[in-house]
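Input: a single structure, listed below in structure tokens.
The values are calculated or read from the model by the stated rules, or taken from the named source; none is laboratory data. Everything numeric in this text was worked out from a predicted model, so none of it was measured. Here the Cβ is made from the backbone with ideal geometry for all residues, glycine too, and neighbour counts use every protein chain on show. We work out accessible area using only protein heavy atoms, side chains counted, and drop any ligands, DNA or RNA first. Shrake-Rupley method; radii C 1.70, N 1.55, O 1.52, S 1.80 Å.
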Amino acid sequence: MSRMRKITIDPITRLEGHGKIEIFLNAAGDVDRAYLQIPELRGFEKFCEGRPAEEMPRITTMICGVCPTAHHMASTKTLDDLWKVEPTSTAKKIRRLMYNAFQAEDHLLHFFYLAGPDFFVGPTAATAERNILGVIGKVGLEVGGKVIEARKRLRNVVRIIGGKPVMPSCGLPGGVSKAITEEERKTLIEAGEYAVDFCQFALKAFDDVVLKNKDYVDLITGDVYKHRTYYMGLVDENNKVNFYDGMIRVVDPDGKEFAKFRPQEYLDHIREHVEPWSYMKFCYLKNVGWKGFTDGEDSGIYRVAPLARLNASDGMATPLAQEAYEKLFETLGGKPVHNTLAFHWARLVEALYASERVLELARDPELTSSDIVNLPTETPKEGVGVVEAPRGTLFHHYQTDETGILTGVNLIVATTNNMAPIVMSVEKAAKSLIHKGEVSDGLLNMIEMAFRAYDPCMACGTHALPGQMPLEIVICDSESNEIKRLSRF
Amino acid sequence: MKTLILGIGNAILGDDGIGVHVAQELAKRINDEKIDVMDADTSGLGLLENIAGYDKVIIIDAIETGSGDIGGIYKLRLEDLVNTVDQTSWPHGMNFATAIEFGRRFAANQMPKEMVIFAIGVGQVTEFTEEMTAKATETVPEVINLVLEEIGWAHRALLR
């Protein structure tokens, strides 16, 4: 160890999330190992136990200011299962509509924020330009306005249905709390139309700027950002991608179906591995086993989120998204695609699908029916609810006493599924890019790109100022003396 | 002139909720059609939607300082945060100053002319609980008075 040199990128995240990538160099200046560390928010299960289960759709939205709608929906579905009550047909449509609007909004925003700076401005561009303001500078001022407008309209959909724009409160076991009026339905239709148009524009921009640039295509398809893993996602009865409901399907690194199971059976398929150096748990497929941070058929590591969902499905259930799906796989050499940077492209395909779904559901006259809830009559005991959050499969699992007071809570949040692949991706990028101790700011960004492609979200919950700390890179010599310090500003 | 008092934080994450607690207390005391009081678990772009259209915005938020000064109150202007304007590799955490800069470019006419930030040093923000630490809790009345002073209500509040 004494011969190792250490580079610290700290934090990759905002202050309160305080994530850290540590890269250890050996004496030759090549990468020995890379670690990703994320602090843990503690005590959520204890906080919930003893409370009525019906409070969970409201409480779980407070875990995370980023994907409250995903937690709200997973939680509401868990209540359905807890009381064994099937929501009415209209309630399901209302829930799906809200959920797809949220998914589209989240994906669009993060495409322009995450992928945007790297692809539109350039992966090794000066740090000061590699931001959303730089993206707008490249693609035009009006795009900034469109991003805001699309987001505003889609959030308005969540507000109309959910009651509040950020943290919905409409979910009840067996349905939703509020019906949709005809006037509201018109607004929902308009939002769907705008979103479908905007997603097509975004895919076109991706085509023009990224796919027509050989350097970017080489970057996406190169070995630096590639892992052969299993993939997981919710699918409907035709094995098409579904964000709200269905069976969980897993495909192997060759794209063959490996498992397909009901959400309630998740513990038969997923296990969590613990490492001494991390608070985080690393999910893997129980029936393959944990073989360390390695990919291939023999390693139980699987991936979730946009590209994984596309790989784990047989297509998209809407026409425009299906076209975009086919183009992605044709361009990148067929299914499954193992290139991590293709997550960004898959995110856009999914945004288009979600927008088409919003429009289709908004146009359904049944949406304004007043038959919005089936009242529960069973005694609660145990329930599981699963949705596809923007960042991957989200599991909620509650146990209660016979009066519905929580006695046990288990959540597997989306990013947890992807933790092992994220660690692998960061390490592989670091090993591929850092040689003989030469580390530039641009190279470090390219290592961070491996991390960003997953759109990971671990800094749940807090918003303390200033919202972000300087990104510092500390390079130490073999005696742990600091020899260089880089800062983003 | 329209003023917004906005408390930011997560009310179930210990001291992180201090802005929310202060705003909820102020909402009970302030009754003025020109002053809105709001609390929000939001950051980044979400913040813009809340502050758009106001002339003056007073924000109460938690801050983690290098010295770990729990209960310390810092009155900041936007200019104090200007050196944190940056790209972020973490869009979920788009920082405060960057969000405002974004707003100024795309919705300049809706951005408040004046912003005051009361940042309160906090301790425990990683364990889920509705309870704040004693030091943070003790600070709440003082922050309330400072906000009332800021809107010229200190005198009226004392009369109650």
| task | Starting from segment A:28-45, take each residue that is on the phi > 0 side of the Ramachandran plot and within 14 Å of chain B (Cβ to nearest Cβ) and list its partners that are part of a strand (DSSP E or B) and modelled with pLDDT of 75 or more, counting only C-beta distances under 8 angstrom and pairs at least six apart or across chains. | result | A:Gly43/B:Glu127; A:Gly43/B:Thr129
| Sole residue being without any contact (Cβ under 8 Å) to a residue 12 or more places away in the chain, assigned to a loop (DSSP other than H, G, I, E, B) and surrounded by fewer than 20 Cβ atoms within 10 Å (Cβ to Cβ), chosen from B:Glu49, B:Glu33 | B:Glu33
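Could you tell me whether A:Arg153 is open to solvent by 60 Å² or more (accessible area, probe 1.4 Å), at negative phi, in a helix (DSSP H, G or I) and in contact with a helix residue (DSSP H, G or I) (Cβ under 8 Å, 6 or more places away or on another chain)?
Against the criterion (open to solvent by 60 Å² or more (accessible area, probe 1.4 Å), at negative phi, in a helix (DSSP H, G or I) and in contact with a helix residue (DSSP H, G or I) (Cβ under 8 Å, 6 or more places away or on another chain)), A:Arg153 qualifies.
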| request: All but one of (1) closer than 15 Å to A:Pro421 by Cα; (2) open to solvent by 60 Å² or more (accessible area, probe 1.4 Å); (3) among the acidic types (Asp, Glu) hold for A:Asp314, so report the exception by its number. | output: (1)
| All but one of (1) farther than 17 Å from A:Lys204 by Cα; (2) out of contact with any helix residue (DSSP H, G or I) (no Cβ under 7 Å at 6 or more places or on another chain); (3) more than 9 Å from chain B (Cβ to nearest Cβ) hold for A:Glu105; which doesn't? | (2)
| note | Residue hits (segment A:273-328; closer than 25 Å to A:His344 by Cα and free of Cβ contacts under 8 Å to residues at least 12 places away in the same chain) are A:Gln322, A:Glu323, A:Glu326, A:Lys327
| task | Take the residues in segment A:229-275 that are charged (D, E, K, R) and under 19 Å from the mean Cα position of the chain (by Cα), then tell me which one is farthest from A:Ser75 (Cα to Cα). | result | A:Lys240
| request: Identify all residues within segment A:335-354 that are over 17 Å from the mean Cα position of the chain (by Cα) and assigned to a helix (DSSP H, G or I); write none if there are none. | output: none
| For segment A:190-206, how many residues meet the condition of being in contact (Cβ under 8 Å) with a residue 12 or more places away in the chain and open to solvent by 40 Å² or more (accessible area, probe 1.4 Å)? | 5
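Okay, residues lined up against (1) surrounded by fewer than 23 Cβ atoms within 10 Å (Cβ to Cβ); (2) within 14 Å of chain B (Cβ to nearest Cβ); (3) modelled with pLDDT under 95; (4) part of a loop (DSSP other than H, G, I, E, B):
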residue: A:Ile161; (1), (2), (3), (4): no, no, no, no
residue: A:Lys164; (1), (2), (3), (4): yes, yes, yes, yes
residue: A:Met167; (1), (2), (3), (4): yes, yes, yes, yes
residue: A:Asp208; (1), (2), (3), (4): yes, no, yes, no
residue: A:Val217; (1), (2), (3), (4): yes, no, yes, no
residue: A:Met232; (1), (2), (3), (4): no, no, no, no
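Results for (1) open to solvent by 10 Å² or more (accessible area, probe 1.4 Å); (2) in contact with a helix residue (DSSP H, G or I) (Cβ under 7 Å, 6 or more places away or on another chain), shown as yes or no for each residue.
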{"residue": "A:Thr340", "(1), (2)": "no, yes"}
{"residue": "A:Phe343", "(1), (2)": "no, yes"}
{"residue": "A:Ala346", "(1), (2)": "no, yes"}
{"residue": "A:Ala351", "(1), (2)": "no, yes"}
{"residue": "A:Leu359", "(1), (2)": "yes, yes"}
{"residue": "A:Pro365", "(1), (2)": "yes, no"}
{"residue": "A:Thr403", "(1), (2)": "yes, no"}
{"residue": "A:Ser425", "(1), (2)": "no, yes"}
{"residue": "A:Ala429", "(1), (2)": "no, yes"}
| note | Result of the Cβ filter at 7 Å on segment B:116-138, keeping first residues that are farther than 23 Å from B:Ile100 by Cβ and partners that are open to solvent by less than 70 Å² (accessible area, probe 1.4 Å) and among the aromatic types (Phe, Trp, Tyr), at least 6 apart or interchain, is B:Phe128/A:Phe44; B:Phe128/A:Phe47; B:Thr129/A:Phe47
| query | Taking A:Asp245, is it open to solvent by 10 Å² or more (accessible area, probe 1.4 Å), charged (D, E, K, R), at pLDDT 95 or above and in a loop (DSSP other than H, G, I, E, B)? | reply | yes
| request: With respect to A:Lys77, determine if the residue is more than 9 Å from chain B (Cβ to nearest Cβ), part of a helix (DSSP H, G or I) and modelled with pLDDT of 95 or more. | output: yes
| remark: Scanning segment B:1-11 residue by residue, the ones that are of a type in the set (A, V, I, L, M, F, W, C), over 9 Å from the mean Cα position of the chain (by Cα) and open to solvent by less than 10 Å² (accessible area, probe 1.4 Å) total 1
| field | Members of segment B:22-81 found to be within 14 Å of chain A (Cβ to nearest Cβ) and among the charged types (D, E, K, R), listed by number | value | B:Asp39, B:Asp41, B:Glu49, B:Asp61, B:Glu64, B:Asp69, B:Lys75, B:Arg77, B:Glu79, B:Asp80
